[in-house]
1. Regarding GLU94, is this residue surrounded by fewer than 23 Cβ atoms within 10 Å (Cβ to Cβ), in contact with a Ser or Thr (Cβ under 6 Å, 6 or more places away or on another chain) and more than 18 Å from PHE6 (Cα to Cα)?
2. Do we find a residue being free of Cβ contacts under 8 Å to residues at least 12 places away in the same chain and either assigned to a helix (DSSP H, G or I) or open to solvent by 50 Å² or more (accessible area, probe 1.4 Å) (or both) anywhere in the stretch 101-109?
3. Would you mind listing the strands (runs of 3 or more DSSP E) fully within the stretch 203-313 where at least 1 residues are touching a Gly at 6+ places or on another chain (Cβ under 9 Å)?
4. Under 6 Å by Cβ, and 6 or more places apart or on different chains, what pairs join a residue from the stretch 83-98 that is farther than 20 Å from ARG27 by Cβ with one that is open to solvent by less than 30 Å² (accessible area, probe 1.4 Å) and polar (S, T, N, Q)?
5. Look through the stretch 172-182, keep the residues that are of a type in the set (Gly, Ala, Ser) and within 28 Å of PHE6 (Cβ to Cβ), and return whichever of them is modelled with the highest pLDDT.
6. Would you mind telling me which numbered condition in (1) under 21 Å from the mean Cα position of the chain (by Cα); (2) over 30 Å from ASN283 (Cα atoms) GLY78 fails?
7. List, please: which pairs have Cβ atoms under 7 Å, are six or more places apart or on different chains, and start with a residue in the stretch 148-159 that is of a type in the set (D, E, K, R) and end with one that is assigned to a loop (DSSP other than H, G, I, E, B)?
8. Report whether or not ALA39 is over 26 Å from SER135 (Cβ atoms) and of a type in the set (A, V, I, L, M, F, W, C).
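The values are calculated or read from the model by the stated rules, or taken from the named source; none is laboratory data. Bear in mind that the values here come from a model prediction, so they are computed numbers and not experimental data. Please note: Cβ atoms are built from the backbone with ideal geometry, for glycine as well, and neighbour counts cover all protein chains shown. Quick note on the areas: whole protein, heavy atoms, side chains included, nothing else; ligands and nucleic acids left out. Shrake-Rupley method; radii C 1.70, N 1.55, O 1.52, S 1.80 Å.
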Amino acid sequence: MDVYIFGAGASAAEGAPTTAQFLARARDYLGMTGDPRTAGVWRFLTTVFEVEALDQIPPVDEIISLVDWCLHTDQGLGPAYPPRALSEVRRDLEYLLCQTLDAAVDRRPHGSDSPHARFAQGLVSRPAGEYALLSLNYDTMLDDALLAAGLQPDYALDDRVAAPLLLKLHGSLNWAHCPACDRIEVAREQVAHLLPRVAGLACSRCGNPHLLGVIISPTWLKRYTLPPLVRVFDQALGAIRRARRIVFAGYSLPPADVAIHQVIRRGLLTRIHQERPVVEVINHRPSDEVVERFTRLFGKGVRFDFSGFRGQL
C-alpha cells in the first residue's frame with residue numbers, strides 16, 4: 001500500500017496560507033474591522049503583544065498555544081484578558097482560522113491542471129485499496145479534487161470503512177460534530193466558520209441542530225478526544241502498518257505534532273512487512289532542517305524532492 005500524507009505545503013501550492021503567512025493573509029482576506037469577531041482578535045493581538053505591525057507578532061500556532069496554556073492553568077494575560085475573556089478569544093482565533101481558509105479555497109485556481117486535480121486524476125486508474133490518504137489540512141482542496149475525479153472518499157468516521165480512504169487527522173472545514181451523540185456530519189460546503197448555527201444542518205442521528213466545528217487547531221496542546229477522530233487515527237495506524245511506500249507532500253513533521261509522530265512510529269514498529277517502507281518527501285524548498293528531521297525518523301534512505309507539490313504520485 002502507498003500512504004500519502006498531506007501537510008500545509010500541499011495546500012499552499014494552490015494558494016492556502018502557511019502558518020507563517022496566516023495572520024497577514026487573514027488581514028488581506030477579511031480586513032481588520034468589518035467582522036466583530038475578527039476585530040476582537042486583532043485587538044487582542046495588538047494589546048497583548050503591544051505592537052501594531054503583524055510582522056512583529058508571533059505565528060498563529062504560538063499565539064493559540066499561549067492562549068491554551070493560560071486556559072489550562074486558569075491564568076489571564078494582563079488586566080484586559082482574564083480567563084473568561086481568553087475563552088472567547090480562543091473561539092474567535094479558531095473562527096479566524098476557518099474564515100481565512102474558506103476564503104483561500106474560494107480564491108484557488110479551478111480546473112484540471114491544479115496540483116490536487118492532477119494527483120486525483122492519477123489515482124483514478126488505481127485500485128482504491130492500494131493507497132490511503134492522510135491529511136493534516138482542514139481545507140477541502142483534496143476532497144474536492146477526488147470528487148471531481150469521480151472518487152468518493154471515505155473519511156472513516158464510523159465503523160463501516162470503504163475505499164479510497166481520506167483520513168483527516170486534524171478535522172475538516174466541512175465536518176460538523178454533534179456533542180449530544182458524537183456523530184460527525186459531512187456537509188457539502190465548508191461550514192466550520194458558520195457553526196454552531198447553520199440553517200438546515202442538524203445531526204442525522206439525534207436531530208440536534210446545535211453542531212460544532214471539528215478543527216484541531218495549530219497548538220502545542222492538541223487534544224484528540226472525539227471518538228470519531230479516534231477511529232480516524234486507528235485507520236491511519238493500520239495504513240502505516242501496511243505501507244510499502246510513504247509519501248509526505250508538503251508536510252515537514254513539525255515537533256509540535258507529537259500525535260502524528262507517535263502514530264507513524266507505532267505503525268512502523270508493528271508493520272506487517274519485514275522490509276521498511278520507502279519514504280519520499282516533497283517540499284517546496286531545500287531545507288537542512290527538514291532533511292535532518294526525516295533522516296532521524298526514517299534513516300538515510302529518504303528520497304527528497306524539493307520541487308514542490310505538483311500532483312506527483
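1. yes
2. So far as the stretch 101-109 goes, yes, one or more of its residues are free of Cβ contacts under 8 Å to residues at least 12 places away in the same chain and either assigned to a helix (DSSP H, G or I) or open to solvent by 50 Å² or more (accessible area, probe 1.4 Å) (or both).
3. Those strands (runs of 3 or more DSSP E) span 212-215, 245-249, 278-282.
4. Listed by first residue and then by second, the contacts come to nothing, as the list is empty.
5. So, considering only residues that are of a type in the set (Gly, Ala, Ser) and within 28 Å of PHE6 (Cβ to Cβ), the one modelled with the highest pLDDT is SER172.
6. Evaluating GLY78 over (1) under 21 Å from the mean Cα position of the chain (by Cα); (2) over 30 Å from ASN283 (Cα atoms) leaves (1) as the failure.
7. As it stands, the answer is ASP154/VAL161; ASP154/ALA162; ASP154/ALA163; ASP154/PRO164, since those pairs meet every condition given.
8. When the stated conditions are applied, ALA39 passes them.
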